[in-house]
Amino acid sequence: MKIAAIDLFPVALPMHAVLTLPRGPSRTIAEGKQIVLTRVTADDGTVGWGEAGPSRRWSAETVHSCYTSLKHFLAPAVIGRDPFDIAGLHAAMNQELAPGLDPGQPVAKSAIDVAVHDLVCRKLGIPLQAFLGTRLADRVEMARLVSAPDPDKAAELTEQARAEGYKGFKVKVGGHRPEHDAAILEAVVAAAGDGYVWPDANQGYTLDAAIVLARACERLGITMFEQPVAMSDTYAMKKLLSATSVRIVLDEAAMGLPFIVELLRREAVEGLAIKITKCGGLFYARQMCDLARNAGLTLIGSGLMDAPLNFSASVHLFAGYGMDLPVDLNGPQFISKDYLARPVPMDGKAALVTEAPGLGLEVDMDKVAEYALDLAA
């Protein structure tokens, strides 16, 4: 069995809300959620689907860079190879686009990785989670992302989300004085009832500002703080760990295994936020999860406002590893329409592991045509 063809379908999905990061809006309503759908076809006709859905204000990749990387380098590198040799596929892709401290164009590589996992599992007639070899749960609880300019709005959003059934609330902070963000956190904690609340700064603080907010978290009973400082500032990460009892979880700093191993050596990491796309796909994300479990690190699930294919792949992985804290897979919170023939299965605000082969999803090509994106424009 060999990979015979790889087809790319850039699309822009409609959105009904905008996520704001410390660097600014992740994308606009007019842009939509821009992704490169990736279809991998084997020589026996078996098909698998993946997608590259970057966020340019979160990392350096764009939909244009993903498209050109896939078309000119990654697809040619894996056509003709055995899809069951996933390690070999990654070696071939890494030969073309070199890894560094991160896997090297990981969002683009993840599109092929997820599509090949989908293809292999469809060939075997098993769901993705069975192929991963771990099934600690059959669902993951969703978190509501709270991004608000002031405490009143933050409380309003949290109350609405709680009424909708959310039990976890991830609060975007950073880009302001820590006292301002502490007031927002206080409002969310008050409105969340017994829900789980944690802040995510997306590298938005200096060390001193991060310490101020971490101590505010202690006063509020918050036990986790996501990526407070710059991903490259190992000194700040280690100093922060010694300055607070709040568990510090790394996201942007947790892209590649080499850097995580170095952080472990320096005793500068307590937890990892796993995004399959930033890791380069499920192949590396599994290794990262195994490393975290064996090192006793906190493990939480996250995403890049993922559309359904990456969303479903994440659910299989996160449930497989038994992530019990609410996961930040916020694509459904922002994306209003998608390309599926049938919706992703949900039970209230819990995402369910699909039982059908592969990712368990069916792409509707009419919808793909409807949302087609001309990257030459």
Checklist entry - Taking segment 355-377, which residues are open to solvent by less than 40 Å² (accessible area, probe 1.4 Å) and either at pLDDT below 95 or assigned to a strand (DSSP E or B) (or both)? => result G358, V363, L375
Checklist outcome for this item: Filter segment 138-149 for residues that are in contact with a helix residue (DSSP H, G or I) (Cβ under 7 Å, 6 or more places away or on another chain) and at pLDDT 95 or above; the one that is farthest from V78 (Cα to Cα) is V146
Checklist entry - Which residues, taken from segment 115-146, are open to solvent by 10 Å² or more (accessible area, probe 1.4 Å) and among the polar types (S, T, N, Q)? => result T134
Next on the checklist: If I ask for residues that are of a type in the set (F, W, Y) and touching a Lys or Arg at 6+ places or on another chain (Cβ under 8 Å), which ones from segment 168-217 would you list?
Outcome noted: F169, Y196, W198
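Considering only segment 1-30, state which residues are in a strand (DSSP E or B) and at pLDDT 90 or above. Steps first, please.
Narrowing segment 1-30 to residues in a strand (DSSP E or B): 3-13, 15, 20-21, 24-25.
I3, A4, A5, I6, D7, L8, F9, P10, V11, A12, L13, M15 - these are the residues of segment 1-30 that are in a strand (DSSP E or B) and at pLDDT 90 or above.
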Item to check | Qualifying position, being open to solvent by 60 Å² or more (accessible area, probe 1.4 Å) and closer than 22 Å to M1 by Cα, among I29, I79, I86 | outcome: I79
Checklist entry - For L37, which of the numbered conditions (1) in contact with a strand residue (DSSP E or B) (Cβ under 8 Å, 6 or more places away or on another chain); (2) at pLDDT below 95 fails to hold? => result (2)
Item to check | Residues satisfying the stated conditions in segment 228-264, i.e. open to solvent by 60 Å² or more (accessible area, probe 1.4 Å) and of a type in the set (S, T, Y) | outcome: S232, Y235, S242, S245
Next on the checklist: So in segment 323-352, with the set limited to residues that are open to solvent by less than 10 Å² (accessible area, probe 1.4 Å) and part of a loop (DSSP other than H, G, I, E, B), which one is modelled with the lowest pLDDT?
Outcome noted: N330
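The values are calculated or read from the model by the stated rules, or taken from the named source; none is laboratory data. None of the values given here were measured: they were computed from a predicted structure. Every residue, glycine among them, receives a Cβ derived from its backbone with ideal geometry; neighbour counts consider all protein chains shown. Note: areas computed on protein heavy atoms with side chains; ligands, DNA, RNA excluded. Shrake-Rupley method; radii C 1.70, N 1.55, O 1.52, S 1.80 Å.
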